[in-house]
Structure formats: C-alpha cells, structure tokens
1. Looking at this structure, is LYS198 open to solvent by 40 Å² or more (accessible area, probe 1.4 Å), at pLDDT 75 or above and either in a strand (DSSP E or B) or in contact with a Ser or Thr (Cβ under 8 Å, 6 or more places away or on another chain) (or both)?
2. Scan segment 148-158 and tell me whether some residue there is among the aromatic types (Phe, Trp, Tyr), within 23 Å of PHE245 (Cβ to Cβ) and open to solvent by less than 10 Å² (accessible area, probe 1.4 Å).
3. LEU67 versus (1) closer than 26 Å to ALA238 by Cβ; (2) crowded, with 18+ Cβ neighbours inside 10 Å; (3) within 21 Å of the chain's Cα centre (by Cα): which is the lone unmet condition?
4. Within the set of pairs 6 or more residues apart or between chains, which connect a residue that is open to solvent by 20 Å² or more (accessible area, probe 1.4 Å) inside segment 90-109 to a residue that is of a type in the set (S, T, N, Q) and assigned to a helix (DSSP H, G or I) with Cβ atoms less than 7 Å apart?
5. Identify, from the list LYS28, LYS43, LYS21, the residue that is within 21 Å of ASN235 (Cβ to Cβ) and without any contact (Cβ under 8 Å) to a residue 60 or more places away in the chain.
6. Which is among the charged types (D, E, K, R) and out of contact with any helix residue (DSSP H, G or I) (no Cβ under 8 Å at 6 or more places or on another chain), of GLU140, GLU114?
7. Just need a number here: residues in segment 217-252 that are at pLDDT 90 or above and either among the aliphatic types (A, V, I, L, M) or in a strand (DSSP E or B) (or both).
8. Do you know which residues across segment 159-172 are without any contact (Cβ under 8 Å) to a residue 60 or more places away in the chain, among the aliphatic types (A, V, I, L, M) and either crowded, with 21+ Cβ neighbours inside 10 Å or part of a helix (DSSP H, G or I) (or both)?
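The values are calculated or read from the model by the stated rules, or taken from the named source; none is laboratory data. Just so you know, these numbers come straight off a predicted model, no measurement behind them. Here Cβ is always computed from backbone atoms with ideal geometry, including for glycine, and neighbour counts include all displayed protein chains. Accessible surface areas use protein heavy atoms only, side chains included; no ligands, DNA or RNA. Shrake-Rupley method; radii C 1.70, N 1.55, O 1.52, S 1.80 Å.
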Amino acid sequence: MTRVRTRGEKIRQFIVAHVEKHPNDIAKITAREFEISRQAVNKHLRRLVLENALDAKGVTRNLSYHLHPLEDWQQSYSFTPELAEDIVWRNDIAPRLGELPDNVVDIWRYGFTEMFNNAIDHSAGSVIQVNLRKTATTSELAIFDDGIGIFKKIQRALDLLDERHAVLELSKGKLTTDPANHTGEGIFFTSRMFDNFKILSGGIFFSHDFGHEEDWILEGSRAAAGTAVWMKISNHTARTTKKVFDQFTSDDDIGFSKTVVPVRLAQYGDDKLVSRSQAKRLLARVDRFRTVIFDFNLVESIGQAFADEIFRVFSKKHPEMSLLHSNANKEVEAMINRAHLNDGALGLEDL
C-alpha cells in the first residue's frame, strides 16, 4: 500500500510541476512519463481538482487543466501625492505573495517597486491597477497605467525615430528620461530577473525570457493606451538579485558596465542592415558601458559599411571598450572578420 501511495504522490507531483506548460495534453505527457494508461492519469487529475490543486476548463476534447490560484487579487490606485511604491509593497503586495524563499522575495521587491515607481513618476496617468496571481509553482503580477505610454515617452524625450527605436534603446540599459532622479537601470535589470517579463504600450509588445540573451518585439496595428507590464517567476527559483547584477558587471568594476545589444531591433521590416547610419543608431549610448555584446540572433546578413562602422571605426575611437558578438551566422561572421582585418587600413568605401 505504501509503494502504491508513494507512486501516486509522484504522479500528482509531476502533474502539478508540468501542467502550466502542458495544460491541454498533461494526461498524455504523464501517461508517457510513468508508462500508465490515460484512464489512470485521469483519476489523479480528478483528485487534484477535488483537492483544489487544479482547475479544469472545457469539456471532453477541449478539456484543459490549470493550477488553482492560491491568491488572485487586484487593486486600483489613484495617482495622489501620497502614493508610494514602498507602502503599496509593504501593505498590499508582500502579504499576498505570502511565504516565499528570501531570494524570490528580493526579486519581487525589486521588480515591483521599480515598475510601480516608473508608473508614478513617468506615466502622467490617473490610475494604476495591479493584478497578482499566485499558484503552487509560480507567482505573476501585472501593473497597468492609463498614461502616455512608456515607449512613446522615451521616443519623444530622446527624439527617436519611433516607438520601436525606443525599445532598442531600452534593451541596452542605462536609459532614463529623468537622469536627475533615475539611473535608467530599473527596467533593464527587472527584465533580466524574472522568468518572463513583458511590456505592452502603444502598438509595441516587448518581451524577455530568462536564459535568452535576445529580446522579442512585436508590432501590432492596434495601439494600446497607457502601459502594461507583466512579470512572472517560479516560486522556487535559485536566482538572486546579486547573480543578475553580477552578470552585467565587469570583473574589475562594481557598476553596471556590460550590456547585450539585440542587433535585429535596428532592422525594420525587410530592410537590410547595410548602412553606417543604421550602425550609428545601434551604437547610440553604448559608450556608457565597458563591455558590449552585439547579439546577431535572427539577423541573416549585414553590409560591409554597417560592420565596418561598429567593429573598426567605433572600436578604434573607443579602445577602452570591449566589443564582442554572439549568435552570428557564417555570412555575418565573415563581414565582422573583414572589418577586423581592415583595422588600421582604409575601408573600400573610404578610398
């Protein structure tokens, strides 16, 4: 009896651990993992539903399973002089997150207070809404404001081409429209601490997943008002704020000195990255860092002038900086190598 009970507990633990990624086929996945029938798995699923560990949605072939929320809460806050992120954190957010490991609480404290303060200081809106949801495995939080929109604010303040260009600058870090009161590090580091981090503002959707150097950006035809920020993390991650900060700190420096630049964000539609002007936009503000990694993921090709501007011209002007690259295909790698070979010599178009 003990062996049967122990095996049943392992099956149910597996279901709880994997149901978020497999809501529609968790029975199939579990049956394959434990070499048991779908009917046997369904008994465990029904038990977890009865125990309020899972919620079942739909019927028969459209049936899906989801973790039952331990906390599902939302609250709206009006912009007033008294509204402060630390008070909202202490009174409303921390108690509802409940018992979590100290390192996870530290990440939530950093991420929530940074994003909530950004809305207070920069959105020029009238209301902030916070949604919090916690399950047995993950916690997620969303912050919505009805203000100007973060990408539009950056675009106007820095006189950028458009909101997409604002995302490129945001991805580098050290970007702020209020340098007297902000370092410009909050969004960058918050996006790197959580398993999933997303911003929707205007017609732009920005996303970063932990473990991936690159950021994702989608453009929609419908513009969303204000700004929405989503953050999600495992309740049992071993990640710490210090580990994330250390990733972007050089060995001989305690400051924010390293960044990853997603090169493809400089590419519009079917345009090719061929010109010096495109390279100069990509290079804007990177001289604030000591180490810059240009991520060429999803970039099929680059032109000679584009590569030359970054890896020869800019590199020679900034010998104190380390310019690296990653995820370059053979064609891109060849252009970068050509720029390095021309170092000290005239490029073809300079003749």
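1. Numbers: open to solvent by 40 Å² or more (accessible area, probe 1.4 Å): yes; at pLDDT 75 or above: yes; either in a strand (DSSP E or B) or in contact with a Ser or Thr (Cβ under 8 Å, 6 or more places away or on another chain) (or both): yes.
So LYS198 fits the description; yes.
2. Here is the first cut: in segment 148-158, the residues among the aromatic types (Phe, Trp, Tyr) are 151.
Add one more test, that the residue is within 23 Å of PHE245 (Cβ to Cβ), and what stays is none.
No, segment 148-158 has no match at all.
3. That leaves (3) as the condition not met.
4. ASP106/THR241
5. Details: LYS28 fails: within 21 Å of ASN235 (Cβ to Cβ); LYS43 fails: within 21 Å of ASN235 (Cβ to Cβ).
From the options LYS28, LYS43, LYS21, the qualifying one is LYS21.
6. Details: GLU114 fails: out of contact with any helix residue (DSSP H, G or I) (no Cβ under 8 Å at 6 or more places or on another chain).
Going through GLU140, GLU114 in turn, just one is among the charged types (D, E, K, R) and out of contact with any helix residue (DSSP H, G or I) (no Cβ under 8 Å at 6 or more places or on another chain): GLU140.
7. Matching residues across segment 217-252 total 9.
8. Initial filter on segment 159-172 (without any contact (Cβ under 8 Å) to a residue 60 or more places away in the chain): 159-160, 162-163, 166, 170.
Going one step further and asking which of them are among the aliphatic types (A, V, I, L, M), we end up with 160, 166, 170.
Hits for segment 159-172 are ALA166, LEU170.
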